[in-house]
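The values are calculated or read from the model by the stated rules, or taken from the named source; none is laboratory data. No experiment lies behind these values; they were computed from the predicted model shown. FYI the Cβ positions are ideal-geometry reconstructions off the backbone, even for glycines, and counts take in every protein chain you see.
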Ligand SMILES: *[C@@H]1O[C@H](CO)[C@@H](O)[C@H](O)[C@H]1NC(C)=O
Ligand SMILES: *[C@@H]1O[C@H](CO)[C@@H](O)[C@H](O)[C@H]1NC(C)=O
Ligand SMILES: *[C@@H]1O[C@H](CO)[C@@H](O)[C@H](O)[C@H]1NC(C)=O
Ligand SMILES: *[C@@H]1O[C@H](CO)[C@@H](O)[C@H](O)[C@H]1NC(C)=O
């Protein structure tokens, strides 16, 4: 009874769908962290959540918010101290029963980050105890920071306000404590081609979560390496994120445009952040998608949700599902036989081996 034939496997499959045996078909909850200038109750974001539920029915979707009022939530994408924002999100998700594992001991999720929400989810994973992630997927994020602040639309006063504060003052404690994008601004020393002293001294977020300072946080590296998949999408025609290759953790020479891929950087070779370890188990995925910044393509989302989210134990084919179930049934049969035999031996009158 080793291999199930296909029709038997299909029957089992139907059975499994109708009456899930164990945690096999229980999808992991999904955390979504939106980008700069967005708000949790935005319709587009809600529809992404709905799509995730459609693709993996039963998925509980939690869209991260820093305030119950949408406008305040949007303001918090521009203004605030990321240390306290991440602490707040960590508390919120710990207090959300639907995000907890079956034994209630910890929070385990898949995570989807849009733009700056991507590096914030990574920071959350690194800093929030009792939180683990299976897949972390980021779209157009700034894992290696930004070299320039984005242009603001004419009427976007929040954006303009934050940019005005930054002007020439990016490294002051005042700005690092208050302006969100300044906390993932990153500059490079032109003569050494390494992270600048100012950045290493003053960055309130990125230099820490990227473990770029002399003193490394081992826990951060462990948490990152514990991911099953870290999927990084870069938008091919992104002109908002400078440089867009930051979404792949790459370094770009601003003068020559030369790109140093993550694997050629010290952060990887010395494995400051667990990225090399993750890569060695095929957990690092670099992806491109057409379009400008955050021009999400539904097909790409669907494929992503199918490939990386859903039930913790993914079955790639009906055949594999057949094997898994067979294994389980086989195990039960053996246990039953074993227990039955023991019972028979201690009490032979009882026909335990029917
Ligand atoms: C941000 O908040 C944390 C926690 O309250 C604090 O320790 C840190 O100094 C703040 N950052 C800045 C740049 O003020
Ligand atoms: C660049 O690095 C050199 C060598 O460490 C240092 O002397 C210089 O001050 C740095 N420049 C800046 C702008 O950080
Ligand atoms: C960029 O490339 C030029 C030419 O190779 C080099 O002189 C310069 O130091 C590089 N800058 C950085 C920041 O790596
Ligand atoms: C990265 O490193 C590899 C191996 O050391 C080398 O062959 C390749 O040219 C490097 N690529 C870049 C873009 O630096």
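Somewhere in segment 77-92, is a residue modelled with pLDDT of 95 or more, more than 20 Å from the chain's Cα centre (by Cα) and in a loop (DSSP other than H, G, I, E, B)? Checked segment 77-92: at least one residue is modelled with pLDDT of 95 or more, more than 20 Å from the chain's Cα centre (by Cα) and in a loop (DSSP other than H, G, I, E, B). Candidates in segment 184-206 are the residues that are touching a strand residue (DSSP E or B) at 6+ places or on another chain (Cβ under 7 Å) and not in a loop (DSSP other than H, G, I, E, B); of these, the one that is farthest from ligand 2 (Cβ to nearest atom) is 184. A single member of 105, 160 is out of contact with any strand residue (DSSP E or B) (no Cβ under 6 Å at 6 or more places or on another chain), part of a loop (DSSP other than H, G, I, E, B) and either closer than 15 Å to residue 29 by Cα or at pLDDT below 95 (or both), and it is 105. If you go through segment 164-217 and keep only what is at positive phi and under 27 Å from the mean Cα position of the chain (by Cα), you end up with just 211. If you filter segment 246-258 down to residues that are more than 14 Å from ligand 4 (Cβ to nearest atom) and under 19 Å from the mean Cα position of the chain (by Cα), you find that the one that is nearest to residue 189 (Cα to Cα) is 246. For segment 259-269, does any single residue satisfy the condition of being under 22 Å from residue 234 (Cβ atoms), within 16 Å of ligand 4 (Cβ to nearest atom), modelled with pLDDT of 95 or more and part of a loop (DSSP other than H, G, I, E, B)? Scanning segment 259-269 turns up at least one residue that is under 22 Å from residue 234 (Cβ atoms), within 16 Å of ligand 4 (Cβ to nearest atom), modelled with pLDDT of 95 or more and part of a loop (DSSP other than H, G, I, E, B).
Conditions (1) within 16 Å of ligand 2 (Cβ to nearest atom); (2) buried (at least 19 other Cβ atoms within 10 Å of the Cβ); (3) part of a loop (DSSP other than H, G, I, E, B), marked per residue:
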{"site": "169", "(1), (2), (3)": "no, no, yes"}
{"site": "176", "(1), (2), (3)": "no, yes, no"}
{"site": "182", "(1), (2), (3)": "no, yes, no"}
{"site": "213", "(1), (2), (3)": "yes, no, yes"}
{"site": "232", "(1), (2), (3)": "no, yes, no"}
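Within segment 124-150, the set of residues being surrounded by fewer than 24 Cβ atoms within 10 Å (Cβ to Cβ), touching a residue at least 60 places away in the same chain (Cβ under 8 Å) and out of contact with any strand residue (DSSP E or B) (no Cβ under 8 Å at 6 or more places or on another chain) comprises 126, 127, 148, 150. Scanning segment 263-300 for residues that are touching a residue at least 60 places away in the same chain (Cβ under 8 Å) and in contact with a strand residue (DSSP E or B) (Cβ under 9 Å, 6 or more places away or on another chain) gives 289, 293, 294, 295, 296, 300.
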